[in-house]
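The values are calculated or read from the model by the stated rules, or taken from the named source; none is laboratory data. Quantities reported herein were computed from a predicted structural model and do not represent experimental measurements. Please note: Cβ atoms are built from the backbone with ideal geometry, for glycine as well, and neighbour counts cover all protein chains shown.
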Amino acid sequence: MQNNKSTPNIIVDLTFSFSINIIKYIEVLEAGRKYIIALQLLKSGTSIGANVREAQNAESEPDFIHKMKIAAKEADETEYWLLLCNASKGYQPCDDLLTECSILVKILSKIISSSKFRNGN
């Protein structure tokens, strides 16, 4: 399951970019003293890319699928925290991050289902 580092990998790139955007939003939350939500969002939002990156070195197709499922769960959790921020008074709107996260959820879901099909599950 080794990933050729010289070949662009869209999901790796998208999740890395998303992590950077999450970090920027966390800085806004922390400036507004929203530390608890900021910490939860930082953990789940950056974990998506970490798990996708780890999946690139999976030992087998089932291992790859498992790691991508973890990334998808983290994306779902991140979407929850972002929705909570958007619905809460006194929080900076995060519509762009919600859109970005929704796209990641869809891509991860497609990768998982395609991988399962390839693997015969």
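Observations, loosely collected:
- Residues considered: Ile20, Ile36. Of these, the only one that is within 16 Å of Thr78 (Cα to Cα), more than 13 Å from the chain's Cα centre (by Cα), assigned to a helix (DSSP H, G or I) and without any contact (Cβ under 8 Å) to a residue 12 or more places away in the chain is Ile36.
- Hey, Ser47 assigned to a helix (DSSP H, G or I), of a type in the set (Gly, Ala, Ser) and loosely packed, with under 15 Cβ neighbours inside 10 Å or not: no
- For Pro62: the one exception among (1) surrounded by fewer than 15 Cβ atoms within 10 Å (Cβ to Cβ); (2) under 16 Å from Ile112 (Cβ atoms); (3) under 13 Å from the mean Cα position of the chain (by Cα); (4) not aliphatic (A, V, I, L, M): (3)
- Cβ-Cβ under 6 Å pairs, at least 6 apart or on other chains, the stretch 82-93 side in contact (Cβ under 8 Å) with a residue 24 or more places away in the chain, far side assigned to a loop (DSSP other than H, G, I, E, B): Leu82/Cys94; Cys85/Tyr91; Cys85/Cys94
- In the set Ala71, Ala55, Ala75, only one residue is buried (at least 16 other Cβ atoms within 10 Å of the Cβ), touching a residue at least 12 places away in the same chain (Cβ under 8 Å) and touching a Lys or Arg at 6+ places or on another chain (Cβ under 6 Å); that residue is Ala55.
- The stretch 93-118 - residue that is of a type in the set (Ser, Thr, Tyr) and within 14 Å of Lys73 (Cα to Cα) and, of those, surrounded by the fewest Cβ atoms within 10 Å (Cβ to Cβ): Ser102
- Here Ser115 passes the criteria (1) outside any helix (DSSP H, G or I); (2) at pLDDT below 95 except the one numbered (1).
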